[in-house]
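Visitor: Structure below; questions to follow.
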Amino acid sequence: MIRDCYKTLADLLRAGKTCNLVTVLQKNNGAGMTVSRKYIVKGREESFSPVPVMQENGKDVWIFEPVGPKERLIILGGGHISKTLCAFAAKTGFTPWVIDERKEFANEERFPDAERVICAPFMEALPGLQMNGGDYVVIVTRGHSSDGDCLRYLLSGELPGYLGMIGSRRRVQAQFAMFEEEGVPRERLDYVHTPIGLDIGAVTPEEIAVSILAELILVKRTNRRRDVIQTDLDPSVIEEIASCRESAAVATIVCASGSTPRKEGAKMLVLSDGTIRGTIGGGLGESQVIRQAAAITGSGESCLFHFAMDADVASGDGMACGGAMDVLIEDLNGSCQGEDKKC
């Protein structure tokens, strides 16, 4: 069943895997579609796609959805800025890890929203993190010297997707000059976001945390690397779907154009009473998808729902966004044929 496909997907995510959920829709001569699925785990097959793709080939529609764990945000330092940044980042799609050398600053009571809190010297903790291009790193330790030690280490290996360090321009320039003398390439130094955060005139630790988070989101949405998956999926929705025991349907944006509020990959679980988990953007488009999903629930069917609203119509309905999107709607109890894994 389709429900079992999502359970398999949740298992892959819990194991830390990044993969493509490949859905093949075969249009029947009559009503409905035949659904088959397979999983392409990143690194095992060359056909893995880091971006969502929908391809139509005659009667068949192929949908490639990149799925992976939430972006890990590694916060080096457990001070006042880190405390607020961790809480806000956890609410906006990041998985925070916090590291500090001091027990009074590195504990779960201080950072309840962190997935992991590590109390250890930075130079002992950093090698074990196995950072990659999908990670985000913020350096806000207790002092400029410690910040520099962390940055020197990070510049020597694979660069994360975001690398930012707090510090005044004067001190950072002096430190960078020293790094260049040590042989660090200038292009690596230019990669570092410093002064850290967007310039919003922040003064208090809380305001600085907001400015850093804003920059993290900006990089996440506009400056993604080719080897890092790009999707609007919230992985926590996969867990909601996998654990659902009620009659329900799943709605997934598989193609979007124009100013739609959410893009490819966004998923929403729709229960039979119209209650939802997750969102595909709200507004008229989402309400129509909810009605369609409620109608499909219990039928065992799947369908592609097309919604389009140009700017003039959107404005007339008081909506902020227009555009068009194709949404795959599936009854959780619908049948599914698995190719690589049994569904």
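The values are calculated or read from the model by the stated rules, or taken from the named source; none is laboratory data. Not measured: the values here are computed from a predicted model. Backbone-built Cβ (ideal geometry, glycine too); neighbour counts: all protein chains shown. Quick note on the areas: whole protein, heavy atoms, side chains included, nothing else; ligands and nucleic acids left out. Shrake-Rupley method; radii C 1.70, N 1.55, O 1.52, S 1.80 Å.
Visitor: Starting with the highest mean, order 158-168, 182-192 by the number of other Cβ atoms within 10 Å, averaged over the residues of each peptide.
Guide: 158-168, 182-192
Visitor: Follow-up question, since we're still on this one. With no solvent and one point per C-alpha, what does the Debye sum give as log10 I(q)/I(0) for region 1-76 at q = 0.26 Å⁻¹?
Guide: Rounded to two decimals, the profile gives -1.24.
Visitor: I need the Debye-formula profile for region 178-303: one equal scatterer per C-alpha, no solvent, reported as log10 I(q)/I(0) at q = 0.14, 0.18, 0.23 1/Å, two decimals.
Guide: -0.79, -1.02, -1.27
Visitor: Nearest-5 percent of antiparallel DSSP beta bridges in the chain?
Guide: Working: 46 of 67 bridges.
Of the beta bridges lying entirely in the chain, close to 70 percent run antiparallel.
Visitor: Whole-Hz ³J(HN,Hα) for each residue in region 259-274, computed from phi via Karplus 6.51 cos²θ - 1.76 cosθ + 1.60 with θ = phi - 60°, x for glycine and proline: what do you get?
Guide: 9, 5, x, 10, 10, 4, x, 4, 10, 9, 8, 10, 7, 4, 8, x
Visitor: Go through region 129-142 residue by residue and turn each phi into a ³J(HN,Hα) via Karplus (6.51, -1.76, 1.60, θ = phi - 60°); whole Hz please, and just put x for glycine and proline.
Guide: Going residue by residue, I get 7, 6, 5, 9, x, x, 8, 10, 10, 10, 9, 9, 7, 6 Hz, with x marking Gly and Pro.
Visitor: Also, quick follow-up: Could you state the per residue volume, in Å³, of the convex hull enclosing the Cα atoms of region 183-241?
Guide: Working: hull volume 9.2 nm³, N = 59.
It is 156 Å³ per residue.
Visitor: A further question on this structure: Taking the simple approach of a point 7 Å from Cα along Cα-to-Cβ for both Lys27 and Arg170, what is their distance in nm?
Guide: 6.9 nm
Visitor: Leaving out ligands and nucleic acids, and using a 1.4 Å probe, what accessible area per residue does the chain come to in Å²?
Guide: I get 47 Å² per residue for this part.
Visitor: Moving on to the next point. Students often get this wrong, so check it: of Lys38/Lys91; Lys17/Lys220; Lys91/Lys220; Lys91/Lys263; Lys83/Lys263, which have C-alpha atoms separated by over 23 Å?
Guide: From the list (Lys38/Lys91; Lys17/Lys220; Lys91/Lys220; Lys91/Lys263; Lys83/Lys263), the Cα-Cα distance tops 23 Å for Lys38/Lys91; Lys83/Lys263.
Visitor: Computed on alpha carbon atoms, what radius of gyration and Dmax characterise the chain, expressed in Å?
Guide: According to the Cα coordinates of the chain, Rg and Dmax are 22.6, 71 Å.
Visitor: While we're on this one: For Ser259 and Val41 in one chain, what is 0.36 nm times their gap in residues minus the Cα-Cα distance, to one decimal in nm?
Guide: Gain on extension, Ser259 to Val41, equals 75.4 nm.
Visitor: Averaging over every viewing direction, what projected area does the convex hull of the Cα atoms of region 79-151 cover, in nm²?
Guide: Details: hull surface 19.0 nm².
The Cα convex hull of region 79-151, projected and averaged over all directions, gives 4.7 nm².
Visitor: Let me ask you something else. Strictly greater than 23 Å: what percent of every Cα pair in region 41-129 meets that?
Guide: In whole percent, the share of Cα-Cα pairs in region 41-129 beyond 23 Å is 44.
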